[in-house]
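What follows is one structure encoded as structure tokens, with my remarks underneath.
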Amino acid sequence: MLERVDEEEEAKKAALRNMITVALYGLKEKEGSMLNYAVVDYAYENRSSKDVRAFEGRVTYRDVLGNQVADTDLKVLTPIKSGQKSSTTDMLPFKTYRGMRGARLEDVEIEWNPTKILFVDGTSETSSFPSAADLVRIAATVHKG
């Protein structure tokens, strides 16, 4: 049963990643008067059949060896039509994201995990992570069976 839930969750996540794709195309270190940070540029595309009002998710950064060096939330509140591409820029302060210090674009891979896509028509798609209560219920069912 848990295996089926995992497979369904992975299929849902893959479907969301296929609706909105995100790629990292810029990474520069900057020094501020109080804070050193990385400026990151993301390109994204709406591959769904509907216009998107907004979307959000988690971006995980990995080094050339596949080790996780940082992760951050990405939220885009700008509408994007079906089939359209756009971009956004974010800041990652080194105080919080130490693993990004000295990173070069060619040495960084990202993993995009969308959690919610809101469409212009008011409908939405979400990645449904089981709650702790759901996990206890699932475990109890498996234990009984």
Cβ-based net charge around residue 15, under 14 Å, with every Lys or Arg adding one and every Asp or Glu removing one: +1
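How do 91, 19 rank by accessible surface area computed with a 1.4 Å probe, from largest to smallest?
The residues order as 91, 19, largest area first.
Give me the tail of P(r) for the stretch 69-123 as a percent: Cα-Cα pairs with distance above 20 Å. Can you show the working numbers first?
Details: 586 of 1485 pairs.
Within the stretch 69-123, distances greater than 20 Å cover 39 percent of Cα pairs.
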Degrees separating the helix 132-144 axis from the principal Cα axis of the chain, which is the longest one: 40 degrees
Among 25, 124, 15 the positive-end extreme of the charge dipole of the chain (Cβ point charges): 124
Cα-based equivalent ellipsoid of the stretch 4-72: semi-axis lengths in Å, sorted from largest, via gyration tensor: 29, 18, 10
Alpha-carbon Debye profile of the stretch 9-131, log10 I(q)/I(0) at 0.20 Å⁻¹: -1.10
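The values are calculated or read from the model by the stated rules, or taken from the named source; none is laboratory data. Bear in mind that the values here come from a model prediction, so they are computed numbers and not experimental data. Every residue, glycine among them, receives a Cβ derived from its backbone with ideal geometry; neighbour counts consider all protein chains shown. In case anyone asks, the SASA skips ligands and DNA or RNA and just uses the protein heavy atoms, side chains included. Shrake-Rupley method; radii C 1.70, N 1.55, O 1.52, S 1.80 Å.
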